[in-house]
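Q: My structure is below; once you've seen it, I'll send some questions.
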């Protein structure tokens, strides 16, 4: 691989780690905010997504920080969960804390999606791959 | 869904949680054992896999314990990491602690593979799905 | 140290690890149950305690599984959080899931309290115990 | 409490969260670096401290992000582990990655020590501080 590509790969990895750690933090803060404000913000499905997202972002960051060969798998899971969490926050008004959370989730989703294709910068379609796994036997 | 199927789904879920938590524990114990014994057992790649496996098993268990809709994604990542960790332990002699760890990883891999296909008991082929995601753009 | 004492120390350690991992699991299950049932069970303070307890139990178990010298510190924190979580579950009716959670928390609290003071079985005062555990042998 | 004090308390809390998350990250990076470079850097005791430190920093940050009443306990444990990890990195040459890690650990230790005593800025004695923090207002 040419060194510009290696460099680019490292920048993408570093950016993805940053995005995962930032997303982990904002999900934890949003969870606290939702618990305090109650109502629709504290519905079980939403709280669960925020907890899911904080946990997988943390694990995904750990895999990348360790230089793990299998980070594409945790990045794939992370992209999926971030996408769902962003959609939930956008539906809940998408302002203030919800807006900040949705934006952090979308950024993390995008960079994890990129990392989930392994060495390739832009895999065609990881969702299709997961859909294939979801087909009935 | 007929209630026997629901029951079976719950049994599979509970067994998968048990296997993830057991695998998390044995990976942590094996890591400690490898650090103490050194040599080939303490090679970076092996220690990293044991840490990876402990972390994703914990996260995968949390998703299932929370009843998360997206547990199929974390189970998929978990199955992949468990498979790699089992292979590494089998290559390193596959006796004593290594053997116990490889067995726990294989059990966890099998049940996570099953859960990663969502509601279906035996998805055709999750590896093919991941391979598709790995194709060049 | 005589070998019976070493053996006893190992048994206590193993039991404490078991109790931490069991408490981590039941707190996660109780959290899911509380979210599903709502009302007083899903009050922010209670959900927060269940999350706190699951997290510190996991970290406390990891320190012991790694054979860390500093596990007395994480065990001290764990005993304190488990005690608070048990009290909250007992106040919320102490039956069904709440009762199971309170019992697991009390068991974990007792063994972590023991580990946090080093060799002493029942410290009157945990901080004094911590100081005692730090004295040169 | 006067509002300047509340403000100050919040600033301290926010700074402590920042320091915990930064320390968690640098410990993970240092662990990877130590595994890659081997030798004295990869001795079991050192790797264990880096793993301990990453784990308790993460848990300590979670307690504060959740606004948990019991964060003084996890901050106390975190300060103790960070101090030990910093000392280990300083002894191992204290340059490059080791120096960056030691500095992040010292910063985290200082702010966690402060948080572990509640409102007091510089406890002489952390256990005494803990007792003071527990007194009725």
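The values are calculated or read from the model by the stated rules, or taken from the named source; none is laboratory data. These numbers were taken from a predicted model, which means no experiment stands behind them. Ideal geometry is used to build each Cβ from the backbone, glycine not excepted, and the neighbour counts take in all protein chains shown.
Q: May I ask you to list the residues in the stretch A:85-106 that are surrounded by 20 or more Cβ atoms within 10 Å (Cβ to Cβ) and within 13 Å of the chain's Cα centre (by Cα)?
A: Across the stretch A:85-106, the qualifying residues are A:85, A:86, A:101, A:102, A:104, A:105.
Q: Of everything in the stretch B:16-45 that's within 19 Å of residue D:37 (Cβ to Cβ) and more than 10 Å from every other protein chain (Cβ to nearest Cβ), which residue is surrounded by the fewest Cβ atoms within 10 Å (Cβ to Cβ)?
A: So the residue we want is B:39.
Q: So residue C:11 ticks every box in (1) surrounded by fewer than 24 Cβ atoms within 10 Å (Cβ to Cβ); (2) within 12 Å of another protein chain (Cβ to nearest Cβ) but one. Which box is left unticked?
A: (2)
Q: Run down C:89, C:78 and say which single residue is modelled with pLDDT of 95 or more and within 13 Å of another protein chain (Cβ to nearest Cβ).
A: Unique residue meeting the criteria: C:78.
Q: Hey, another quick one. Can you report the number of residues in the stretch A:60-75 which are more than 11 Å from chain D (Cβ to nearest Cβ) and closer than 21 Å to residue D:58 by Cα?
A: The number of residues fulfilling the criteria is 4.
Q: Return the only residue of A:55, A:18, A:69 being closer than 30 Å to residue D:31 by Cβ and at pLDDT below 95.
A: The conditions single out A:69.
Here's the yes/no breakdown for (1) without any contact (Cβ under 8 Å) to a residue 24 or more places away in the chain; (2) farther than 30 Å from residue A:84 by Cα:
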position	(1), (2)
B:68	yes, no
B:73	no, no
B:77	yes, no
B:81	no, no
B:89	no, yes
B:92	no, yes
B:105	no, no
B:108	no, no
B:114	no, no
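Q: Residues to consider are D:116, D:60; find the one that is within 22 Å of residue C:50 (Cα to Cα) and at pLDDT below 95.
A: Step by step, each of D:116, D:60 is checked, and only D:116 is within 22 Å of residue C:50 (Cα to Cα) and at pLDDT below 95.
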